[in-house]
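Heads up: the structure comes next, in C-alpha cells.
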Amino acid sequence: MRVRPMLAMASVLWVLAGCRQYPASECEKYLAAGDVSVRVPMDDSSNAAIPLNDRQVLAGTFAPPATLHIKRAAVQIGNSGGAAQGKVALKLCQDERCTIGRAELAGSKDNDYLPVTLESEFALQQSGGVVRYELTRESGDDKLVVWVYPAQGKESLTVNGNPESKVLNLMLYQR
C-alpha cells in the first residue's frame, strides 16, 4: 500500500515549507539539522556573469520571499578557478533597518556560493518593503564575477548606473 509513504512525504514537505518562515524555533523543532535556506526569487532559465572589480558596487532590490531572521547570506560567484583574491561586503536593508557582512575570497569555490556572515541578525519581513542590497568589492583583483539572473517581479539590479531587470543569485539563511 502506497498511502503511508505518501503521507510521510506530505508531512515532510509541510515541515520544509514551514521552515522557510519565522519563527526559527519551528524549524529547529522539526529539523535538528542546521540552517534553512531561501533563495531570492529569480528566473533561473538563464544567467550572466558580471565582473566585480576593486571598489565597484552592485546595487539592487528584491521582494522579500518570506519572513525570516537572517544570520548569514551567500552570493554566487565565479573566482577564475580560485584565483580571485580580496574581500567583498554585502549590505542588506529593508525599510530603515540595515545590516552588513563581509567575506574573504581566499578559499572560495568557483561558480559556487560565497558565504557572508552578517554582523547582526536581520529581521526580514515579508509584509515590509522591498529589500535593498549592495555588494561591494572592498579589495582585490579583476578576477571576480557575480552571477545574475532574470528578475521575476520587483527585483532589479543597477549595473554601471543602468537599472536592469536582473537579480544576484542570493541565498538567505536562518537558523
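The values are calculated or read from the model by the stated rules, or taken from the named source; none is laboratory data. What you see is a predicted model; the values in this text were computed from it and never measured. Calculation scope for accessible area: heavy atoms of the full protein, side chains included, ligands and nucleic acids excluded. Shrake-Rupley method; radii C 1.70, N 1.55, O 1.52, S 1.80 Å.
Over the alpha-carbon set of segment 69-116, work out the extent along each principal axis and list the three values in angstrom, largest first.
Rounded to whole Å, the extents work out to 38, 17, 14 Å.
Subtract the Cα-Cα distance of Gln85 and Asn162 from 0.36 nm times their separation in residues, and report this length gain in nm to one decimal.
25.0 nm
Pop out the ³J(HN,Hα) list for segment 124-138 in order, Karplus 6.51 cos²θ - 1.76 cosθ + 1.60 with θ = phi - 60°, rounded to Hz; leave Gly and Pro as x.
8, 10, 4, 7, x, x, 4, 8, 9, 9, 9, 10, 10, 8, 6
Using θ = phi - 60° and the Karplus curve 6.51 cos²θ - 1.76 cosθ + 1.60, what whole-Hz ³J(HN,Hα) does each residue of segment 94-101 get, with Gly and Pro shown as x?
Rounded to whole hertz, the list is 9, 6, 9, 9, 9, 8, 9, x.
Please report, largest first and rounded to whole Å, the three semi-axes of the ellipsoid equivalent to segment 108-151, where each semi-axis is the square root of five times an eigenvalue of the C-alpha gyration tensor.
Numbers: eigenvalues 122, 44, 25 Å².
Semi-axis lengths for segment 108-151 are 25, 15, 11 Å.
Give me Rg over Rh for segment 46-175, both radii from the alpha carbons and Rh done the Kirkwood way, two decimal places.
We get a ratio of 0.94 for segment 46-175.
Provide the convex hull volume over Cα atoms per residue for segment 127-175, in Å³. List each step's numbers first, then the result.
Values: hull volume 6.8 nm³, N = 49.
Measuring per residue, one finds 138 Å³ for the Cα hull of segment 127-175.
Would you please give the residues with an amide H less than 5 Å from that of Asn169, counting only those at least 5 places away or on a separate chain, with H modeled from the backbone geometry?
Residues meeting the criterion, in which the H sits 1.01 Å from N, are Gln76, Trp147, Tyr149.
Given a 1.4 Å probe, how much area per residue of segment 123-164 is accessible, in Å²? Each step should come with its number before you reach the end.
On the way: 2060 Å² over 42 residues.
I get 49 Å² per residue for segment 123-164.
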